[in-house]
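Here is the structure we will look at, set down as structure tokens.
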């Protein structure tokens with residue numbers, strides 16, 4: 001059962017003014033015509049929507065329900081209109097995206113910069129969150145798309161996923177770090193020092209040798225590896241390493257500027273870790289052109305990163 005927009009407007013106006021006469025005046029119709037419209041609405045639902053008293057009118061419990069639900073339907077209609085408008089015009093769109101910590105730095109922010117250059121009128125709303133929170137934000141509809149670790153999501157019927165990035169993670173430390181004096185550096189040496197990183201999913205944590213030493217701990221509630229120094233976003237890592245015996249995890253492209261200027265040193269590749277992540281979005285939700293355009297840009301940026309990493313591998317191996 002639906003309410004005509006005219007009768008719904010009549011009901012809301014009566015509720016707003018609390019009086020048929022004042023509401024009729026505001027609507028520029030006669031009071032009998034307004035009363036007839038409300039009566040027709042009550043007949044349609046088979047209940048009384050307004051308590052009519054000498055000093056004015058108030059909603060009955062049925063009237064309150066009708067108003068609330070009608071507002072919800074009106075909001076849904078407005079949302080539908082907005083989505084149709086977005087689908088029709090890429091340059092007037094809005095991209096709502098949440099990045100996982102490492103994807104944000106590796107390709108997320110560079111892709112946003114390139115997106116702004118290509119489509120300056122598109123608005124963007126960005127969040128960075130742990131990989132679990134990324135999936136939750138996509139599932140709730142708070143964002144259109146997420147970019148995060150896909151390990152636990154590829155069998156989730158709610159989501160469509162696309163792998164876009166697989167990058168070799170390396171360990172880095174400050175120049176003159178005591179670990180560099182050990183010849184040769186072995187995997188066990190890594191656990192003598194605190195790690196700086198965002199938390200690692202339990203599948204990666206399961207591959208780490210035990211005991212973890214000074215590197216960090218295991219979150220017993222979910223099996224994640226929690227580094228000794230846990231950070232939300234892996235940025236300004238060279239500054240965190242300076243005058244510290246901590247070591248950090250990053251990709252060559254993330255750390256290349258600091259390697260080039262001598263702020264950090266790359267440790268021997270004795271502990272292979274691969275960072276894999278991709279797009280996450282709802283299967284039953286159409287993506288606006290602005291989001292599809294952003295996804296296209298991310299793919300281009302990822303291809304550029306692969307080439308940069310290939311060159312850096314040759315230079316720093």
Problem set entry | Inter-label distance, nm, simple model (7 Å from Cα along the C-beta direction), residue 230/residue 4 | 5.9
Exercise. Taking Cα atoms, how many degrees apart are the long axis of helix 31-45 and the longest axis of the chain, rounded to 10 and kept between 0 and 90?
Worked result: 60
Seminar exercise, completed: Tilt, helix 131-140 to longest principal axis of the chain (alpha-carbon atoms), in degrees rounded to tens, equals 20
Exercise. Does anything in region 172-202 have its amide N under 16 Å from the 7 Å Cα→Cβ label point of residue 210, and if so which residues?
Worked result: 202
Problem set entry | Neighbour-count ranking [beta-carbon atoms within 10 angstrom, fewest first] of 127, 119 | 127, 119
For this session: Would you mind checking the tilt of helix 289-316 against the longest principal axis of the Cα atoms of the chain, expressed as 0 to 90 degrees and rounded to 10?
Result: 10
Seminar exercise, completed: Calculating Cα extents along the principal axes in Å from this structure picks out, from (1) 96, 43, 36; (2) 67, 46, 42; (3) 63, 47, 35, entry (1)
Exercise. Taking the DSSP beta bridges in the chain as the whole, what percent of them are antiparallel, to the nearest 5?
Worked result: 70
Exercise. Can you give the extra length, in nm with one decimal, that the chain gains between residue 166 and residue 33 once fully stretched, where that is 0.36 nm per residue apart less the Cα-Cα distance?
Worked result: 41.1 nm
Problem set entry | Segment residue 78-residue 292, length gained on full extension (0.36 nm per residue, minus Cα span) | 74.8 nm
Problem set entry | Spin-label zone in region 173-198 - amide nitrogen under 16 Å from a point set 7 Å from the Cα of residue 133 along the C-beta vector | 197-198
Problem set entry | Helix-only CD estimate at 222 nm, as mean residue ellipticity for the chain, using -39500 (n - 2.57) per DSSP H run (n ≥ 4) | -13000 deg cm²/dmol
Seminar exercise, completed: Taking a ≥ b ≥ c as the square roots of the eigenvalues of the Cα gyration tensor, with a/c under 1.5 meaning rounded and otherwise prolate when a/b exceeds b/c and oblate if not, region 164-317 is oblate
Exercise. Can you sort 258, 51, 144, 304 by how many other beta carbons sit within 10 Å, fewest first?
Worked result: 51, 304, 258, 144
For this session: Please order 273, 84 by the number of other Cβ within 10 Å, starting at the fewest.
Result: 84, 273
For this session: Please give the contour-minus-distance gain from residue 117 to residue 26: 0.36 nm per residue of separation, less the Cα-Cα distance, rounded to one decimal in nm.
Result: 27.9 nm
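Each reported figure results from applying straightforward, stated rules to the coordinates on display, with no laboratory input. Bear in mind that the values here come from a model prediction, so they are computed numbers and not experimental data. We place every Cβ from the backbone using ideal geometry, glycine too, and count neighbours over all the protein chains shown.
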